[in-house]
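Single-structure report; data block below.
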Amino acid sequence: MKQYQLYTTMGAGFESVVAKELQALAYETQTENGRVFFKGTQEDIVKTNLWLRTADRVKILLKEFTATDFETLYDQVYDLDWAELLPVDAKFPVQGRSVRSKLHSEPGIQSIVKKAIVNKMSDQYHRRGFLPESGNFYPLDVHLYKDQARISLDTSGASLFKRGYRIEHGGAPLKENFAASLLKLTPFDGSHPLIDPMTGSGTLAIEAALIGKNIAPGTWRDFAFDGFDWFDENLHQEAVNAAKTMVKELEQPIWACDIDQSILEIAKLNANNAGVLQDIYFKQLAVKDFATDLENGVIIANPPYGMRLKDQKTAEELYTQMGEVLSKYDSFSQYYLVGDPAFETFFGKKATKKRKLFNGNLRVDFYQYWAAKQK
């Protein structure tokens with residue numbers, strides 16, 4: 001089966017997390033800023049789209065070349081065998097991006113690439129005028145960085161964070177792959193308890209249950225490759241069927257608490273859609289009233305910060321309550337994603353480690369408090 005040069009994209013700061021996930025799936029990887037490269041067949045395209053929890057997309061790198069003028073860009077794109085990739089009626093939008101390159105007009109870059117493909121396909125299919133673009137979806141991407149151009153075909157379609165289980169959501173939910181990436185930065189693997197004391201729409205707890213039960217995160221959705229006419233249509237269903245045989249029972253409890261009963265109902269609906277409702281203990285509870293007999297696990301939360309609460313003072317009071325109530329559970333490793341640089345002051349304890357991240361465009365910190373002892 002044909003080998004492809006593949007790569008994944010991911011949120012800033014999560015390259016090493018995605019690389020480790022690919023390596024755990026037995027791929028050799030090369031990492032650069034915002035991308036992790038690996039090689040694979042159509043089976044691997046299916047496998048990585050189905051199983052990767054932390055990546056955004058899986059793309060096929062079609063060609064890489066230097067381009068400092070539009071003529072070169074046009075010629076290099078035209079030179080590809082587009083009829084091998086795209087049927088005559090293919091719908092092929094072109095996304096373009098340019099960083100620190102002589103060709104800096106992104107609309108111009110997109111237009112030239114599109115023109116080169118249309119002209120080549122018109123020649124190959126002996127067509128005149130416009131191509132119909134009434135068929136299946138083949139999302140293309142051109143990216144220039146320091147005059148190096150890459151032409152890629154996106155095999156995922158909608159971003160991999162769109163698992164398909166989250167029908168309803170609260171005011172500011174974490175993306176599913178962002179939540180999974182945070183969990184991958186903790187020791188959690190399902191063999192110890194996990195508690196989210198401010199669960200919101202439940203994303204962290206649900207992603208933890210998927211990890212603990214070894215459920216493939218792409219189980220419920222379709223991908224762009226499903227519409228590629230040259231792609232083996234049996235591979236996807238075979239991979240899903242195989243993945244379902246690998247689901248296991250959850251070893252340890254997962255708790256998801258929130259003060260707001262209405263948002264807990266949304267979290268339960270999402271958990272039900274993901275097939276893990278019976279695996280998560282949901283409870284309406286304020287942080288100040290939290291208590292547990294569980295030990296030696298992970299506490300993880302994305303507490304509402306000032307921007308979300310619309311009130312900085314309320315956020316600071318919440319952080320103080322968290323410190324007073326949660327820090328005494330010192331057999332737990334604790335992890336808090338917060339957009340307030342003064343969090344440690346109000347929590348009352350300096351983090352073991354702090355990691356800078358971006359939740360969308362919002363700069364946040366992931367405060368890590370490692371367990372003090374094992375009981």
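The values are calculated or read from the model by the stated rules, or taken from the named source; none is laboratory data. Just so it is clear, the model here is predicted, and its values are computed rather than measured. Positions of Cβ are backbone-derived with ideal geometry, glycine not excepted, and every protein chain shown enters the neighbour counts.
So here's what we get for this one:
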{"read-out": "Any hit, region 188-201, residues being in contact with a Lys or Arg (Cβ under 9 Å, 6 or more places away or on another chain), at pLDDT below 95 and among the polar types (S, T, N, Q)", "value": "yes"}
{"read-out": "Residue in region 294-310 that is over 25 Å from PRO187 (Cβ atoms) and of a type in the set (A, V, I, L, M, F, W, C) present", "value": "yes"}
{"read-out": "Filter result for GLY96 (within 20 Å of GLN148 (Cβ to Cβ), out of contact with any Leu (no Cβ under 7 Å at 6 or more places or on another chain) and surrounded by 15 or more Cβ atoms within 10 Å (Cβ to Cβ))", "value": "yes"}
{"read-out": "Qualifying residue in region 349-372 (condition: part of a helix (DSSP H, G or I), among the hydrophobic types (A, V, I, L, M, F, W, C) and at pLDDT 95 or above)", "value": "no"}
{"read-out": "Helices (runs of 4 or more DSSP H) fully within region 58-150 counting 3 or more residues that are closer than 24 Å to VAL46 by Cα", "value": "82-85"}
{"read-out": "Residue ID - nearest to ASN214 (Cα to Cα), chosen from residues in region 10-51 that are touching an Asp or Glu at 6+ places or on another chain (Cβ under 8 Å) and in a loop (DSSP other than H, G, I, E, B)", "value": "TYR27"}
{"read-out": "Positions within region 313-337 being within 14 Å of ILE195 (Cβ to Cβ) and of a type in the set (Lys, Arg), in sequence order", "value": "LYS328"}
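Each row is one residue, and each column tells you yes or no for (1) without any contact (Cβ under 8 Å) to a residue 24 or more places away in the chain; (2) out of contact with any helix residue (DSSP H, G or I) (no Cβ under 6 Å at 6 or more places or on another chain).
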residue	(1), (2)
PRO107	yes, yes
VAL118	yes, yes
GLN124	no, no
ARG128	yes, yes
GLY135	no, yes
ALA149	no, yes
LYS162	no, yes
TYR165	no, no
